[in-house]
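**Q** Starting off with a structure, shown below.
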Amino acid sequence: MGRALKPQELHDVVKIVTKGPKASASTLARIVEAKRSSLAAALRRFGEDAVATKVESLPAATIDAIHAQGMKIAFAGTMLLKAFCLAAVEAVEGEARPLARKRRRAAT
């Protein structure tokens, strides 16, 4: 089970839901950083350490594009975290391929 949202994270989520892209720049930056860090953690759990390292330095626009592509993959029937990881592999390596692990290893 995941952890509870911190007050700032909850505030950011509310701002994104209510204002969308018109939210403050600092809120948008925190949301992108949350997407980036959670994506890197998920990639590592699927055995994609090299891709995770590259994701940590991608520009915000690329992180948003990965999440958009991941949502398309998820709507086709793939688990959400796995879909984001598949989209990240494709964005970083230039072509789609299966993840290194079929199941996530335990979080550390």
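The values are calculated or read from the model by the stated rules, or taken from the named source; none is laboratory data. Values in this document were obtained by computation on a predicted structure and should not be read as measured data. Glycine gets a Cβ as well: all are built from the backbone with ideal geometry, and neighbour counts include every protein chain shown.
**Q** So, in region 2-45, of the ones that are over 30 Å from ARG97 (Cβ atoms) and outside any helix (DSSP H, G or I), which residue ends up modelled with the highest pLDDT?
**A** SER24
**Q** Look at SER57 and say whether it is at pLDDT below 95 and either out of contact with any Cys (no Cβ under 7 Å at 6 or more places or on another chain) or of a type in the set (Val, Ile, Thr) (or both).
**A** Criteria not met by SER57.
**Q** Follow-up. With respect to LYS54, determine if the residue is outside any loop (DSSP other than H, G, I, E, B), basic (Lys, Arg) and farther than 21 Å from LEU28 by Cβ.
**A** For LYS54, the condition - outside any loop (DSSP other than H, G, I, E, B), basic (Lys, Arg) and farther than 21 Å from LEU28 by Cβ - is met.
**Q** May I ask you to list the residues in region 75-86 that are part of a helix (DSSP H, G or I) and either under 9 Å from the mean Cα position of the chain (by Cα) or not small (Gly, Ala, Ser) (or both)?
**A** Within region 75-86, PHE75, LEU80, LEU81, LYS82, PHE84, CYS85, LEU86 qualify.
**Q** Next question. Report whether or not ALA107 is hydrophobic (A, V, I, L, M, F, W, C), modelled with pLDDT under 95, part of a helix (DSSP H, G or I) and closer than 27 Å to ASP12 by Cα.
**A** Considered against the rule, which asks whether it is hydrophobic (A, V, I, L, M, F, W, C), modelled with pLDDT under 95, part of a helix (DSSP H, G or I) and closer than 27 Å to ASP12 by Cα, ALA107 comes out as no.
**Q** Just to be sure, is ALA50 under 29 Å from LEU99 (Cα atoms), touching a residue at least 12 places away in the same chain (Cβ under 8 Å) and of a type in the set (Gly, Ala, Ser)?
**A** So ALA50 fails the test.
**Q** May I pose another question? Can you tell me which residue is nearest to SER38 (Cα to Cα) among those in region 56-95 that are exposed (fewer than 12 other Cβ atoms within 10 Å of the Cβ) and small (Gly, Ala, Ser)?
**A** Top of the filtered list is SER57.
**Q** Looking at this structure, is THR27 surrounded by 14 or more Cβ atoms within 10 Å (Cβ to Cβ) and among the hydroxyl-bearing types (Ser, Thr, Tyr)?
**A** Yes: the conditions hold for THR27.
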